[in-house]
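First up is the structure itself, then whatever we jot down about it.
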Amino acid sequence: MKKLLGLFAIVMIGSSAMAQTGPKIEFKKETIDYGTVAKGEDNGLRVFEFKNTGDSPLVISDVKSSCGCTVPTRPTEPIAPGKTGVIEVQYNMNPGTINKTITVTSNAVNKQDGMIPLKITGNVIVKEEVNLLEKKKAMPSS
């Protein structure tokens, strides 16, 4: 009987040690597609929403962009279990293809080294401006 209880205790301790306890981060989306947007008509601000699905506070310790054209903003306070938070990303809307990575560093136990790569994609175009005077000259007179 003592051997059986001892074996049971070892199994219980071992299984509880294998369970991941701590903060866990789950993003609604890990990629945001801007689509095709016109420079000057879009401010470039997007938001990555996440939730702490763990059992202790989640701390976002750092957020870095792959270039200076993208400025991320992280939460400064810990995110309590069951609560949500956001990481804002401001792209400078330079014309051309958007393909940037934002690296989030946290204390999340469900991500390798607590790091999560987020991506933004899309295309920024320059909208053609039509000069009304030139358009009027180009129209045939009646």
List the pairs whose first member sits in the stretch 29-48 and is touching a residue at least 24 places away in the same chain (Cβ under 8 Å), whose second member is in a loop (DSSP other than H, G, I, E, B) and buried (at least 16 other Cβ atoms within 10 Å of the Cβ), and whose Cβ atoms are under 7 Å apart, counting only residues at least 6 apart or on separate chains?
39/93; 42/93; 44/93
Being charged (D, E, K, R) and surrounded by 12 or more Cβ atoms within 10 Å (Cβ to Cβ) is true for just one of 77, 88. Which residue is that?
88
Test residue 58 against the stated conditions and say whether it is hydrophobic (A, V, I, L, M, F, W, C), farther than 17 Å from residue 29 by Cα and at pLDDT 95 or above.
yes
For the stretch 117-129, indicate whether the set of residues that are modelled with pLDDT under 95 and surrounded by 10 or more Cβ atoms within 10 Å (Cβ to Cβ) is non-empty.
yes
I'm checking my understanding of the structure. Among residues of the stretch 10-36 that are more than 20 Å from residue 84 (Cβ to Cβ) and at pLDDT 95 or above, which one is surrounded by the most Cβ atoms within 10 Å (Cβ to Cβ)?
34
Output the number of the condition that residue 111 fails; it satisfies all remaining conditions of (1) over 13 Å from residue 26 (Cα atoms); (2) among the charged types (D, E, K, R); (3) surrounded by 14 or more Cβ atoms within 10 Å (Cβ to Cβ).
(1)
Out of 84, 76, 53, sole residue that is closer than 11 Å to residue 24 by Cα and touching a strand residue (DSSP E or B) at 6+ places or on another chain (Cβ under 9 Å)
53
Residues that are aliphatic (A, V, I, L, M) and under 24 Å from residue 22 (Cβ atoms), at least 1 per element: which strands (runs of 3 or more DSSP E) completely within the stretch 32-133 meet that?
60-65, 84-91, 96-106, 115-125
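The values are calculated or read from the model by the stated rules, or taken from the named source; none is laboratory data. Treat the numbers as computed from the prediction; the structure is a model and nothing was measured. No Cβ is skipped: glycine too gets one built from the backbone with ideal geometry, and neighbour counts run over all protein chains shown.
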